[in-house]
């Protein structure tokens, strides 16, 4: 693509700058020829220079030569369309300096602060923020980069009302000006907060209902087990083998149901428990769990490799449950391995601290990984690996409550690794 452009004159009467972009004609079979490679390099350099001129504000219009002849696209027209879009937004939009002086505001922002637009322009954003929010915003403006920053504040309106607001900040191109400016979008979070409150209340009611139902079911199940065992003992000699089998199946099923209910109650307690954040020594907790597992089955040939110095901020009791469940899981699925190994360590991913528990057990097919953290879902036959299908679901909820996420990677007969983050680590 051939591109030419001229430097913008600083004289007011300078002619309109033109950037001519000619459509590149496709060539077949000659991309490797030295002459054509040289031409492509020249055109690429011209294109890069044109883009640089546009970004630097040195371009007033673009003229594109195509099949229908040259067409002129003025950047002034594009700016007008952009401003119309900004004015039609349902969010507030600002341009401001690093000292929070408002250079531009749209009508939506004026409505949010219940103040005439002419009184908003030129004033300080601090006028509409609490001192605490203003102090938090100041370093964000100084450190903002193209990736953007976000902040939750209470926006103060002129009538004294307060609006929960999310602020998104990005630095703007300077266009040669020594004055650093920022673009800001302000989103009213009132409806979001209301919906979040309703959702929390609904979840709390549901949790209470599940807890009550699960708790109330335990009594009749205990009665079924007790009376079935009493019946078996009373009629021991008079029961036919088939009847004994039926009775034993009833007892086993009631016991299994009791285990499931206990697991549900445990999950409910995990979700309802008040969080007590502190610095948790994960390495020490893992060492204690490993020692307990070895004590339970001293004959097993298994090595634990637990890194020292692993710590995280979170609830001590809940994080111990996470490690206990992941270690139990690894212990169970390495049961048929002659020399089992369980590792607990951490790594870095995208700058985040990621903990992991790895084993060399039976593994699972990643095609069914989406079921891994669902309630009552099992990836293996219960006859081979007994369990309730509740452990990993509980782990996921604990990790999420501690501000993290959890995922797994596995290969059949080559082991599984569970990764998890905590509190934004």
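The values are calculated or read from the model by the stated rules, or taken from the named source; none is laboratory data. Quick caveat, the model's predicted, so the values are computed rather than measured. A quick note on method: Cβ atoms are made from the backbone with ideal geometry, for glycine too, and the neighbour counts reach across all protein chains shown.
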Just checking, how many residues over the stretch 127-146 are over 18 Å from residue 166 (Cβ atoms) and modelled with pLDDT of 90 or more?
2
Is it the case that the stretch 69-87 has a residue that's part of a loop (DSSP other than H, G, I, E, B), under 38 Å from the mean Cα position of the chain (by Cα) and at pLDDT 80 or above?
no
Could you say which residue among 243, 214, 201 is out of contact with any strand residue (DSSP E or B) (no Cβ under 8 Å at 6 or more places or on another chain) and either at pLDDT below 80 or within 17 Å of residue 125 (Cβ to Cβ) (or both)?
214
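Quick check on this structure: which one of 290, 307 is farther than 30 Å from residue 219 by Cα and surrounded by 19 or more Cβ atoms within 10 Å (Cβ to Cβ)?
Within the list 290, 307, the selection yields 290.
Condition check ((1) assigned by TED's automatic domain parsing to the domain that holds residue 340; (2) at pLDDT below 90; (3) touching a helix residue (DSSP H, G or I) at 6+ places or on another chain (Cβ under 9 Å)) across all residues:
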position	(1), (2), (3)
392	yes, yes, yes
400	yes, yes, no
403	yes, yes, no
406	yes, no, yes
410	yes, yes, yes
413	yes, yes, no
Given the residues 283, 308, which is the only one that is in the same structural domain as residue 391 (by TED's automatic domain parsing), more than 23 Å from the chain's Cα centre (by Cα), outside any strand (DSSP E or B) and closer than 19 Å to residue 402 by Cα?
283
